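Step one of this worksheet: look at the structure below.
Please treat every number below as a calculation from the coordinates, not as lab data. What you see is a predicted model, and the numbers here were worked out from it, not measured in a lab. Cβ atoms come from the backbone with ideal geometry, glycine included; neighbour counts cover every protein chain shown.
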């Protein structure tokens, strides 16, 4: 995934508060990445074989995405949000099946967060966010086996 | 400037003279219908693109019944995309939203060829949606990005079917 310049120029109609909007959207994505890093660690402990290897690859990918977002936020003059010490899981993870469901749920959260970046009125950030939405939707499918008409857009009729 | 009373008092024969002497321009000529904004134009193109995708899915499913289990759920998602995109068209009033397929390519002669053909169409659709992000409103950009993500997953599904 390409990394846009943190000081990319705003698109037409950008308001004086556009910088704050960029920071808020990126902080939202970063918070989702922190949660994904934590959750992949929990899920990975319950998985074995190829699934565990896939979870490890996902865990590393989300760490890289986290680092990218932190760099972008720092370049914008913001202090990146920190990870929580622990996260409440949406359901009990007791084995391989629930671990896979957890990973899919995490990816859905990441998808929604990056759609927030897409809403920012900045061409390069939109492209960056949309590529991340595709990656997360692809991972959600890989772990759930279900396709969606509108990944990350809750409430949209599908 | 003429007062309302002066205008009301003028007879039909004297009104043009009064208007001319008072430097009034008279009633404005009806202007042409409003043009479609670039954003709406992109939205209408997106509607047509979904119609074209649905058409090829429908034809492929009818021609190769063995593909229906793979293709029909994906076609249903394109139908949902179409419904949502059509619901976003709010201007210009009275202009019909496209309902006609504009591309009817010949189907490939084999099942594998058809899958590859649909995959290529999905990939092209993703590229087009990504190219529309910068000119769209925030809400439409999110919709385009979400649909692009859905269609990129379709590519993955088709890849698996082709590989399997």
Item to check | Relative exposure of A:141, B:64, judged by other C-beta atoms within 10 Å (fewest first) | outcome: B:64, A:141
Checklist outcome for this item: The exposure ranking of A:114, A:87, fewest beta-carbon neighbours within 10 Å first, is A:87, A:114
Next on the checklist: How would A:122, B:72 line up from fewest to most surrounding beta-carbon atoms within 10 angstrom?
Outcome noted: B:72, A:122
Checklist outcome for this item: With 0.36 nm assigned to each residue of separation and the Cα-Cα distance removed, residue A:75 to residue A:142 gains 20.8 nm
Next on the checklist: Just want to confirm a number: the relative contact order over the stretch A:95-158, from Cα pairs under 8 angstrom separated by 6+ residues, in percent.
Outcome noted: 38
Item to check | On Cα atoms only, tilt of A:49-75 relative to the major axis of chain A in degrees | outcome: 20
Checklist entry - Once both axes come from the Cα atoms, what is the angle between helix A:18-46 and the longest principal axis of chain A, in degrees from 0 to 90, rounded to 10? => result 10
Item to check | Efficiency of FRET between residue B:160 and residue B:99 - r from beta-carbon atoms, R0 35 angstrom, step 0.05 | outcome: 0.60
Checklist outcome for this item: Plugging the Cβ-Cβ distance of residue B:88 and residue B:62 into 1/(1 + (r/R0)^6) at R0 = 25 Å yields, to the nearest 0.05, a FRET efficiency of 0.25
Item to check | Span from the the stretch A:102-139 Cα centroid across to the the stretch B:140-164 one, whole angstrom | outcome: 14
Next on the checklist: Semi-axes of the equivalent ellipsoid for chain A, please: Cα gyration tensor eigenvalues, times 5, square-rooted, ordered largest first, whole Å.
Outcome noted: 29, 17, 13
Next on the checklist: How high is the relative contact order of chain A? Use alpha-carbon pairs under 8 Å, at least six apart in sequence, and give a whole percent.
Outcome noted: 32
Next on the checklist: I'd like the orientation of helix A:123-144 relative to chain A: the angle between its Cα long axis and the longest Cα principal axis, in ° from 0 to 90, rounded to 10.
Outcome noted: 10
